[in-house]
Structures are given as C-alpha cells and as structure tokens.
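The values are calculated or read from the model by the stated rules, or taken from the named source; none is laboratory data. Please read these numbers as outputs of a predicted model, since none were measured by experiment. Using ideal geometry, Cβ is built from the backbone for each residue, glycine included, and neighbour counts are taken over all protein chains shown. Accessible surface areas use protein heavy atoms only, side chains included; no ligands, DNA or RNA. Shrake-Rupley method; radii C 1.70, N 1.55, O 1.52, S 1.80 Å.
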Amino acid sequence: MSLHEGRLRALAAARERLGATAPNPAVGAAVFSVEGEVLGIGAHLGAGRPHAEVEALRTCGEALGRAHAVFVTLEPCNHQGRTPPCTAALLQAGVRAVWIGALDPNPHVRGGGADALRQAGVQVRLMAESASPDERRLGHHCEDLIAPYTHWLRTGRPYVTIKRVFDAAGRMEPPPGRKTFSSHRLLEYAHRLRRESDVLLTGSGTVLADRPEFTVRYDLDTRTSPRRLSICDRRGRVDDAYLAGAMGRGLLPRIVADIEAELDLLGAEGAHQVLVEAGPTLTGRMLDRGLWNRLVTIRQISPEEEQVTVERRP
Ligand code: AOF
Ligand code: ZN
C-alpha cells in the first residue's frame, strides 16, 4: 500500500464515524514505518473515548517500535480534555513526522498541537500547504469532513442538510404507496445521509401522511446515544403511538414549535449535523429563511433513473 493509500484509509476510517462522535469531530489516523509501510489505522470512536491517533498507535501492536510517521485528518490536540493530549502520545511513541489533514478549528486548540510537535523537534506538515496536488486535495477532503464541526463551533448551531425528492412530474411528495427509492444505490445514499447526521428533522405533515420509520440502516454499534428525531408540530397533531414507536426504534423524538429555537437547542446539546427530511411546507420555510447549509435534491426521472444534485450555501 502506498503512503497516499494509507492516508486515504485514515480518511475513510474517519468518515465511517460521522454521526457517531458529536460533540467531538470525526477523526482518522494512520501510522507509517520509515519505509512508508502502514503499521496501524484508527479512528476516534466518540466523545470520552480515545482519540484517533491513540487508536491508530494501539492497532500497531508489536510494530509500534517501528512507528515513524503519522497522518491524522485533524490536528492532534495538545490539551487535557476528556482524554490526555495526543501530542504526548505521539512523542512517547517516538514519532518523528506528523502530517496534518486540517487544523483544528476549535479556537482553544488551533495551531497549538502543531506548534507543540514542532517545538519537540517533530517534522510537521500541513496538507493545505503542500506542494503536491494530491496532498492539497487530501487536505480539502479533511476540511470537508469536519465542515459540520467547524460550522457548529463558529455559529453554535448544527450544520443543516436538506434532502428533498421530486417525482417524475416534479411534485415534492413521494407518490402514494411509495415511500422508498427503487434504486439500491440511492437507498444506500439516503441511509448514509441519515447515519452521518446527529439529528433527523421532519414535520407533522410528513409524519401523519407517511408514518416514516426513520431507521438508520448500516448504523454503527459504537454509537453511544440514540439519534434525536425533532418533529415540527405547532398544532400538536402527532400522536403518542408514533412517538412511542420511534423510541422503540432507538430514536429520541422531540416535538418542536420553533425551528430556530430548536437549532439553538440542538447546538447547545452538541449536535453537529441535522438532516431535514420533510414535506414541501417545512422544507420551503427552511429554504426561504436560509436555515440550511447543504441541499441535496433527488429527481426521479423515471422508475429506473434518479439524479442527485448537491448545493452548498456559500
Ligand atoms: C485529536 N484527535 O481524534 C479528536 C480530537 O474531550 P476530548 O479529550 O475528547 O477532546 C475533545 C477535543 O479534541 C475536540 O473538541 C477537538 O478539538 C479535539 N478532537 N483531537 O487530536 C481526535 N477527536
Ligand atoms: Zn487528541
């Protein structure tokens, strides 16, 4: 495996954890020997659990003595939080070079980990500043990976992804009796969007019309808390049986009157990413009020063909 492939595997390991680490970011790391052999790969499992670097060093096992360089998607922390500083763990393992995918946007951390490593004589390289196009691209992927975390730190609110589906006639609601996609690829994509979110947000209209299950297939057994399901229901129309059913499926439902107040509350609770799966009324209201960061539009062109477009709010 090449150095670059090893780094991509660290990025993939981090992506697997999206939606399971809040209020911490998803982070992945890879450990290399001086010859560039991959000795270990690890990811941060969630708040209160070991950081990615520590996990990656642990998976080296007996090869740990040969650890020479570490790639980490996020700048190693230099502070005592719920876990000890990663900079110390890297130094203790005898690591001589650290490649950083993205600086930590946390203002209390940013640059501190990189500086501490440099001061200890470790060669530190930021992917964003690399002369290699592959490394700069990797840096951008690492920044994209933490976009919800960065947004949450900056605004105190979660990053909002709106998913909307148009049928072949351009109507936004799914046709009666058809709640799901025909294409396996799209169904998987829709489930991945749910899995990567800390919160699912919908409206009473959708609940009453479709009684959606909001299950998250391919979920991680490492998630430590149930996923929040926020339901905008100003008129109190959603029945207790639906809420009880949602709890039975491992969701944590909450009836919401005011979307903006709910985004503030979710941010205060540490949620980084919200996925909106709602009907035209709530979706339209959130778009009109600019309460979104990413808009995923799925058009069903024919029963066999669907088209996906993704827009990001500048
Ligand atoms: C890393 N590696 O894998 C992660 C980092 O309370 P703690 O100890 O878990 O620290 C949380 C903070 O550490 C978090 O806000 C972020 O700045 C950083 N996350 N850092 O070196 C990791 N998850
Ligand atoms: Zn750390």
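Tally the residues that are over 25 Å from GLY19 (Cα atoms) and either outside the structural domain of ARG211 (by TED's automatic domain parsing) or open to solvent by less than 80 Å² (accessible area, probe 1.4 Å) (or both), restricting the search to segment 286-314.
Final tally of qualifying residues: 3.
Are there any pairs, at least 6 apart or on different chains, whose C-beta atoms fall under 7 Å, with the first in segment 84-111 and at positive phi and the second away from ligand 2 (no atom under 13 Å from the Cβ), and if so, which?
Short answer, once both residue conditions are applied: GLY94/ALA67; GLY111/LEU103.
What do you reckon, is CYS60 under 25 Å from LEU3 (Cβ atoms) and either within 12 Å of ligand 2 (Cβ to nearest atom) or outside the structural domain of ALA12 (by TED's automatic domain parsing) (or both)?
Judged against the criteria, CYS60 is not a match.
GLN80 versus (1) more than 20 Å from GLY121 (Cβ to Cβ); (2) open to solvent by less than 10 Å² (accessible area, probe 1.4 Å): which is the lone unmet condition?
Exception for GLN80: condition (2).
Considering every residue within segment 22-34, establish whether at least one is within 25 Å of GLU196 (Cα to Cα), more than 11 Å from ligand 1 (Cβ to nearest atom), touching a helix residue (DSSP H, G or I) at 6+ places or on another chain (Cβ under 7 Å) and not β-branched (Val, Ile, Thr).
Yes, because at least one residue in segment 22-34 is within 25 Å of GLU196 (Cα to Cα), more than 11 Å from ligand 1 (Cβ to nearest atom), touching a helix residue (DSSP H, G or I) at 6+ places or on another chain (Cβ under 7 Å) and not β-branched (Val, Ile, Thr).
Is at least one residue of segment 139-147 within 14 Å of ligand 2 (Cβ to nearest atom), modelled with pLDDT of 95 or more and either assigned to a loop (DSSP other than H, G, I, E, B) or open to solvent by 20 Å² or more (accessible area, probe 1.4 Å) (or both)?
yes
Only one of GLY61, GLY19, GLY28, GLY48 is closer than 23 Å to TYR159 by Cβ, surrounded by fewer than 16 Cβ atoms within 10 Å (Cβ to Cβ) and not charged (D, E, K, R); which?
None of the others qualify; the one that does is GLY48.
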